[in-house]
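Okay, so here's the structure we're looking at.
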Amino acid sequence: MSIVIRTIQEIDNIHLANIIRSAFIEFDAPKIGTVFSDPTTDDLYNFFKVEKSICWVAVENENILGCCGIYPTEGLPYGHAELVKFYLANHARGKGIGKMLLEQSILSAKKLGYSTIYLESLPQFAKAINIYKKLGFAQINYSLGNSGHSSCNVWMLKEI
């Protein structure tokens, strides 16, 4: 397995949007009030052009496997960034690729000067939530910032 983790390219947009939406369909997760219906999902390349943001993409033999990013979501407390767009293609799960993407994103958040990472998820993504816990994220009982993802009801924080 020769996985390459690189920053997002414009050509990745359609592949990543398909991976993200496929995960919602596969796990029967809410489509309204989530990244599924978020218009930025179709143009992640430009979404991540915001200062102090980055998106990492996992690639194997030119096949896009998934992504994970850090984003300065509006309304977050000072020093906080949001872990966003963490999705893997079905066939890429269970191979450590998600952990690689998460660790690269956490490292990037530190380099970008953040002190805390926030994330939002859904109970349908229980396996991802378990990975977050293993990497030191703690569940909280309230949302932060203005992501616009009103259907998300799992919120977590990690100090870095």
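Among the residues of the range 62-82, write down those that are in contact (Cβ under 8 Å) with a residue 40 or more places away in the chain, open to solvent by less than 20 Å² (accessible area, probe 1.4 Å) and of a type outside the set (D, E, K, R). Those that are in contact (Cβ under 8 Å) with a residue 40 or more places away in the chain, open to solvent by less than 20 Å² (accessible area, probe 1.4 Å) and of a type outside the set (D, E, K, R): L65, G66, C67, G69, I70, T73. If only residues of the range 50-74 that are among the polar types (S, T, N, Q) and not in a strand (DSSP E or B) are counted, the one that is farthest from H91 (Cα to Cα) is T73. Mind telling me which of the residues K111, K95, K85 ends up being touching a residue at least 12 places away in the same chain (Cβ under 8 Å), over 22 Å from T34 (Cα atoms) and open to solvent by 10 Å² or more (accessible area, probe 1.4 Å)? Exactly one residue qualifies, and that residue is K95.
The values are calculated or read from the model by the stated rules, or taken from the named source; none is laboratory data. Since the model is a prediction, treat every value here as computed from it, not as a measurement. Glycine also receives a Cβ, built like all others from the backbone with ideal geometry; neighbour counts cover every protein chain displayed. Just so you know, the surface numbers come from the protein's heavy atoms only, side chains and all, with ligands and any DNA or RNA stripped out. Shrake-Rupley method; radii C 1.70, N 1.55, O 1.52, S 1.80 Å.
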